[in-house]
Amino acid sequence: MSAPLRGALLIAGTTSDAGKSVVVAGICRMLARRGVRVAPFKAQNMSNNSVVTLDGGEIGRAQALQARACGLEPSVRFNPVLLKPGSDRRSQLVVRGKAVGTVGARDYFTRRQELREVVAAELASLRDEFDVVVCEGAGSPAEINLRATDLANMGLARAADIPVLVVGDIDRGGVLAHLFGTVAVLEPEDQQLIAGFLVNKFRGDVSLLQPGLDQLVALTGRPTLGVLPFAEDLWLDAEDSLGTISGAPVGRPGPPHSTDWLTVAAVRLPRISNSTDIEALACEPGVSVRWADSPHQLATADLVIIPGSKATISDLNWLRANGIADALRARAIAGRPVLGICGGYQMLGARIVDGVEHTAAMGAADAPDSATTRPCVVDGLGLLDLEIEFADPKIARQVSGIAGADPLHGYEIHHGRVTRTADPAWLTIDGDPEGSAREAIWGTHVHGLLESDEFRRTWLTEVAARAGRTGFVVAPGTSVADVRSAQLDLLADLVEKHVDLAALDQLISDGAPAGLPVIRTAR
């Protein structure tokens, strides 16, 4: 019997959204299906798409998906440092699942050693416990201006002596130059750990690409271990909504179970968070979901969703400035369905008092002492009779409950507390009333709610009735968990079919080959 596979691997990318997250998920699922005890790891993530673990910590959504690919519950160990941008200059810093303050670039530089120690400890613990740890880089290792504070790319690879595969998205064009250039700009010691490449999202005949891959080997001394084809069906649990084009569809909805489609417009807020909340709707046959950022895109939708926000007051001001606020008020008057989730729920209320989120996003120059700065008080949209006040500590917890007879589950991540409401509660969470329901207006602080299959079907039936879609009937048996599992299996199938698994295993177990060529550039 051969020795069990043991080791680690880091998947880096030529750019953000090159496919690192899905490649890691695919490799993790492939290894787990072989019986390998495997865990994911992303030292540092920057994303407002997060989930709450069983112990009440926050991690990036991609790492939660990767954990499920491994057959594991999401854990803060898999993503010990998370940055959640609240403005162009400042982000909330989450360490081992807990928010510890807000940082700008200079603040982060001063904390780099502390964070390196956190990352190193968590990675060492995972490597002791699991056979294989598959790490995901952040952005691109070619961001050499950030090398001194790098925790997730070559900084991690060098510190833990981990071999690196670089993924490039050929659908964007220029992938061979991206792969070559990523290696070439690195310092020689970093280059020694870049062991090969993966090409992602390829369409067409691989034989036409092969001469370029052969030349890439000649230029860099590094092989391409696989060319993954473009897969239309991969869309669930998107890492970030920022690459989503307004008006573009979400998912691949099947035809209606009856005669009518139900159309959904999800407002693409500038500081949107947990955008993946809407993806459960796109799993339903006959439900067409699209992102929207202008009033005319809301006009014909049967349902409008205001998702979460990392900068609630800023995004509320944006709704007013571009006319969406007026369009939402008109919908409410006409009795047309609107749903607000977390920050979107808070915006639908009458008043917001924020001495936490808005002040933190301003930064130290504008708010030198948040303890003495007056909170920002603004009127909400007034679609719900609700008042919100932001306070510490942040609420982060998994929840379960009921709506009518339907069970539900989800998680909360928010500073805002309901201080007054005159509307009926929509849900019951852990025995307490939660959310609001006023005619065709609904709101809740619970993320992931729409993944509760029975609840989603009941609610969509009510939405369709209020929207006048008498020919829409929910399809029985749709399971978001099953759709997610099928996508993970599809990723594993692609890895098994299109990646040199023998070479991958050797890289994991033996590390980067000694004596890899250094690409010399003028410096």
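The values are calculated or read from the model by the stated rules, or taken from the named source; none is laboratory data. Keep in mind it's a predicted model, so treat the numbers as computed, not measured. Don't worry about glycine lacking a Cβ; one is built from the backbone with ideal geometry, like all the others, and counts go over all protein chains shown. Accessible surface areas use protein heavy atoms only, side chains included; no ligands, DNA or RNA. Shrake-Rupley method; radii C 1.70, N 1.55, O 1.52, S 1.80 Å.
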Can you give the FRET efficiency for Asp489 and Asp171, using 1/(1 + (r/R0)^6), R0 = 22 Å, r = Cβ-Cβ distance, to the nearest 0.05?
-> 0.45
Two decimals is fine: what's Rg over Rh for the stretch 370-518, C-alpha atoms, Kirkwood radius as Rh?
-> 1.18
Along each of its three principal axes, how wide is the spread of alpha-carbon positions in the stretch 142-234, in whole angstrom units, largest first?
-> 40, 32, 21
What accessible area per residue comes out for the chain, rounded to a whole number of Å², with a 1.4 Å probe?
-> 40 Å²
Calculated FRET efficiency for the pair Asp326/Ala105, C-beta based, R₀ 51 Å, to 0.05 | 0.85
So what is log10(I(q)/I(0)) for the stretch 298-357 at q = 0.17, 0.29 1/Å, when the Debye sum runs over its Cα atoms only?
-> -0.55, -1.40
When N counts the residues of the stretch 63-176, how does its alpha-carbon radius of gyration compare numerically with 2.2 N^0.38 Å, as a ratio?
-> 1.14
Using Cα pairs closer than 8 Å and at least 6 residues apart in sequence, work out the relative contact order for the chain, in percent.
-> 17 percent
Throw me the Rg/Rh for the stretch 86-152, computed over C-alpha atoms with Kirkwood Rh, two decimals.
-> 0.99
Percent carbon-and-sulfur accessible area, the chain, ignoring ligands, DNA and RNA, probe 1.4 Å = 53 percent
Using alpha-carbon pairs under 8 Å, 6+ residues apart, how would you state the relative contact order of the stretch 148-229 in percent?
-> 31 percent
For the chain, share of DSSP beta bridges that run antiparallel, in % to the nearest 5 = 50 percent
Protection-proxy order for peptides 114-122, 337-345, each taking the mean of Cβ atoms within 10 Å per residue, highest first | 337-345, 114-122
What does the highest-first list of 172-184, 23-35 look like by mean Cβ count within 10 Å?
-> 23-35, 172-184
Lys pairs, the chain - Cα-Cα below 30 angstrom, 8 or more residues apart or on other chains = 21
Relative contact order for the stretch 247-317 using alpha-carbon pairs under 8 Å, separation at least 6, rounded to a whole percent?
-> 44 percent
Sticking with the crude label model, points 7 Å out along Cα→Cβ, report the distance from Asp385 to Ala124 in nm, one decimal please.
-> 5.9 nm
Potential lengthening between Asp392 and Glu496 on full extension [0.36 nm per residue; Cα-Cα distance subtracted] = 32.8 nm
Would you mind giving the average projected area, over all directions, of the Cα convex hull of the chain in nm² with one decimal?
-> 25.4 nm²
Cα convex hull of the stretch 1-135: how many Å³ per residue?
-> 110 Å³
Estimated distance in nm for a label pair at Val378 and Arg6, the labels positioned 7 Å out from Cα along Cα-to-Cβ | 5.5 nm
Residue-count net charge about Gly155 - beta-carbon cut-off 15 Å; Lys, Arg +1, Asp, Glu -1 | -4
Looking at the stretch 188-331 from every direction and averaging, what is the projected area of its Cα convex hull in nm²?
-> 13.0 nm²
Ellipsoid equivalent to the stretch 217-296 - semi-axes via the Cα gyration tensor, in Å | 32, 18, 10
